[in-house]
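Engineer: Take this structure, written in C-alpha cells, and hold onto it; I'll ask about it next.
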Amino acid sequence: MMHESSIPTKQRVVLLGASNVRMSLASAIATARGYLGTPLDVLVAAGHGRSYGQPTRVLARTLSGISECELWEHLDQSGAAATHALVTDIGNDLLYGSTPQQTIDWVRTCIDRLAEHGTEVVISRLPMASIESLSAARFRVFRRLLFPGNRMSLSDLRSRARELDDGLEELADGQRMQLVRPEHQWYGLDPIHPRFRHWDASYERFLAGWKREGNHDSPPGPRPSPPVSWGDHLRASLWTSSRRLVWGKVRSTAQPCARLRDETRVWMF
C-alpha cells in the first residue's frame, strides 16, 4: 500500500480534514504549490463526514478515524522532508456525539505525530461566527441533511463548539503551530462549508502560516499558480483512499493515486 514512497521530495504537505478538504482538494493543492513550489508529496486524510477519532459511514462508504488511518505509517516510513500541515474541519465529531475534550484528544494525537517530523502546522478554528448566527430553522435542515441521527439542540451545539474552539487555542499554546479563524463571509446558507467562490481565498489565508524551508522569520507570500479548472476539481473528486469499506467489504486503491504534470504526487488515506 506504500508504493513509490521511498524517494522523498524536498517539500511534503499533509492535509487533514473532512468534506471541506475533500470537495476543494484541487484548490488546496494548487495553493500549496504556489506557496512551497514543486514538486510536492501531498498526503491527504479527508472525506465527507470524516471523524478525527472514530469510523464514520456516509452512504455505503466507511472510513477510519483520521488519527488511526494509514497516513501515519506512511509518514513514518517515507523519509525526511520539510513537512507542512493543515488541520481543519474540526467539529464533525461534536455532531457524532463526541465531547469537545475527546475531539481535542484526537486532534492532539495527530499534532503529536506531525511534531515528530518537525512539521509546520496550521489549525483552522471553528467557523464560530457562522455557527453563532445560525437560525434554529436552518440548523434543523442542516442537521437533518448531514447528520440525520443527531438530536442535539442548537444551544448545545453552540456551547460545545465554543468549548472545542477554546480548547484548540489552549492546544496551540506553546506548540509549533498557528491558529487561523475562518472568515464569516465565506459561508452562506450552509454554516460549515465555504461557498465555491471562496475556496481559493480560504486556502490562501490558511496556508499563509506556513514557512518555506530556510526561512523561519516570516511566512512566504504565494507564488502565481495556474488557475484551478472544473476539470481539476473533477479529477480530484475521483481520487480514492488507500483503504475503505464499501457495503461492508474492503476496497483498496494503490497509492499514490495521482501524479501531476509537475511531478507532485498525491496519496489519499
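Nothing in this text is a laboratory measurement; each read-out follows from the coordinates by a stated rule. Just so you know, these numbers come straight off a predicted model, no measurement behind them. Cβ: placed from backbone, ideal geometry, glycine included. Neighbour counts: every protein chain shown.
Engineer: Kirkwood hydrodynamic radius, computed over distinct alpha-carbon pairs, for segment 21-94: how many Å, to one decimal?
Structural biologist: That comes to 13.8 Å for segment 21-94.
Engineer: Oh, and also: Return the percentage of antiparallel bridges among DSSP beta bridges fully within the chain, rounded to the nearest 5 %.
Structural biologist: In the chain, DSSP labels about 30 percent of beta bridges as antiparallel.
Engineer: Let me ask you something else. Among E183, E169, which comes first, second and so on when ranked by fewest other beta-carbon atoms within 10 Å?
Structural biologist: Details: E183 15, E169 11.
Least to most surrounded, the residues fall as E169, E183.
Engineer: Still on this structure, please answer the following. For the chain, just run the numbers: alpha carbon Rg, then divide by 2.2 N^0.38 Å, N being how many residues it has.
Structural biologist: 0.96
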